[in-house]
């Protein structure tokens, strides 16, 4: 049980610039994980196992990619009671991301806007951190599932994007429980164009081909998920669903942040460029999940993410058709207690 109520820490953190608060929090997690100070945020994990894509998830609540871009805090995050943690997005080469300021809070809406732009230390540093994690070492592998999220460098032309994804896939494959291909961040120029019919077909075809070679090389088949945007119309979702199935992808992460500002009009920072996350994304994400479930059928794994700020929100994603859920902005606004709240709510709803 956590010794430090998040309500005491939040006013201090919210008094800082959002990115400064984020960096301070991650640095503190990195320093305290695996030490007695971990008790400040440690929470017992709710047991609610589910088998999905050939993996056994200890419970149905995970951390979304983006919080721990460099995989520095896997052990600390695992201590919060998540059933699975997704880290990244990682790119082949280190890159600084977009100019600051690039993160903005909209507290009246329980929301954030970010235009970070895949800032990360690069693939080599990322893999070194993954391998340092105690929960990934032999004997502790079943402690939680680890997803590794991959993307392209901003300097790589979009026509060469597949090269970056393949470099990252080669690197993360032996270390991941599952891999997520991020083609939906709004903060890397032209990235979302990869969701279009021909581009997605070409990208997933190459990834599927490389995965077969890697499965033979390592003697294991690592599931591959694809992360998509909430800003898709019905026809686009139908095309994506068909393409995922055609290339034998193992699942879909729905959804990333939104470009829409309809739910936050008039609020301070609402017109900042970037992806909007948090409570305003809940319904848009659930709409995509519902249509994906209808198109993909019962057996195709869906990770639901976007706007989970309470146990009820987590349940709404399961009812929309998701198998498991992820949180990110909710963790910033509500703290680690949200993990158990969401996991218990999902467990009780069935």
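Taking the condition under 24 Å from residue 164 (Cα atoms) and modelled with pLDDT of 95 or more, does residue 96 pass?
Details: under 24 Å from residue 164 (Cα atoms): yes; modelled with pLDDT of 95 or more: yes.
Spelling it out, residue 96 is indeed under 24 Å from residue 164 (Cα atoms) and modelled with pLDDT of 95 or more.
Looking at this structure, is residue 148 surrounded by 23 or more Cβ atoms within 10 Å (Cβ to Cβ), at pLDDT 95 or above and within 30 Å of residue 268 (Cβ to Cβ)? So residue 148 fails the test.
Residues that are part of a helix (DSSP H, G or I) and at pLDDT 95 or above occur in region 110-123; there is at least one. Taking into account only those residues within region 37-62 that are in contact with a strand residue (DSSP E or B) (Cβ under 8 Å, 6 or more places away or on another chain) and more than 21 Å from residue 349 (Cβ to Cβ), which is surrounded by the most Cβ atoms within 10 Å (Cβ to Cβ)? Among those residues, the one meeting the criterion is 53. Restricted to region 1-90, the set of strands (runs of 3 or more DSSP E) holding at least 3 residues that are farther than 22 Å from residue 126 by Cβ comprises 50-52. Within region 234-257, the set of residues being touching a residue at least 60 places away in the same chain (Cβ under 8 Å) and under 20 Å from residue 281 (Cα atoms) comprises 253, 254, 255, 256, 257.
When we screen 220, 227 for residues that are over 19 Å from residue 287 (Cα atoms) and either part of a strand (DSSP E or B) or out of contact with any strand residue (DSSP E or B) (no Cβ under 6 Å at 6 or more places or on another chain) (or both), the only hit is 220. How many residues does region 258-268 contain that are under 17 Å from residue 186 (Cα atoms), over 19 Å from the mean Cα position of the chain (by Cα) and touching a residue at least 24 places away in the same chain (Cβ under 8 Å)? Selection size over region 258-268: 1.
Is it true that some residue in region 65-74 is within 20 Å of residue 323 (Cβ to Cβ), under 16 Å from the mean Cα position of the chain (by Cα) and touching a residue at least 60 places away in the same chain (Cβ under 8 Å)?
Initial filter on region 65-74 (within 20 Å of residue 323 (Cβ to Cβ)): 65.
Subset that is under 16 Å from the mean Cα position of the chain (by Cα): 65.
Remaining after also requiring touching a residue at least 60 places away in the same chain (Cβ under 8 Å): 65.
Yes, because at least one residue in region 65-74 is within 20 Å of residue 323 (Cβ to Cβ), under 16 Å from the mean Cα position of the chain (by Cα) and touching a residue at least 60 places away in the same chain (Cβ under 8 Å).
So that you can scan it fast, the table gives a plain yes or no per residue for (1) surrounded by fewer than 23 Cβ atoms within 10 Å (Cβ to Cβ); (2) touching a residue at least 24 places away in the same chain (Cβ under 8 Å); (3) part of a helix (DSSP H, G or I); (4) under 20 Å from the mean Cα position of the chain (by Cα):
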site: 168; (1), (2), (3), (4): no, yes, yes, yes
site: 171; (1), (2), (3), (4): yes, yes, yes, yes
site: 185; (1), (2), (3), (4): no, yes, no, yes
site: 201; (1), (2), (3), (4): yes, yes, yes, no
site: 204; (1), (2), (3), (4): no, yes, yes, yes
site: 212; (1), (2), (3), (4): yes, no, yes, no
site: 215; (1), (2), (3), (4): yes, no, yes, no
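Restricting to region 296-312, name every residue that is part of a loop (DSSP other than H, G, I, E, B) and crowded, with 24+ Cβ neighbours inside 10 Å. I'd like the intermediate steps shown before the answer.
From region 296-312, those part of a loop (DSSP other than H, G, I, E, B) are 297-301, 306-310; that's our starting set.
Result: 306, 307, 308.
Take the conditions (1) at pLDDT below 95; (2) buried (at least 24 other Cβ atoms within 10 Å of the Cβ); (3) part of a helix (DSSP H, G or I); residue 263 misses just one of them, which is (2).
With respect to residue 325, determine if the residue is touching a residue at least 40 places away in the same chain (Cβ under 8 Å), in a strand (DSSP E or B) and within 26 Å of residue 104 (Cβ to Cβ). Taking the combined requirement at face value, the residue satisfies it.
The values are calculated or read from the model by the stated rules, or taken from the named source; none is laboratory data. Predicted model, so just to flag it, every value in this text is computed and none were measured. Cβ sites come from the backbone with ideal geometry, for glycine too, and all protein chains shown count toward neighbours.
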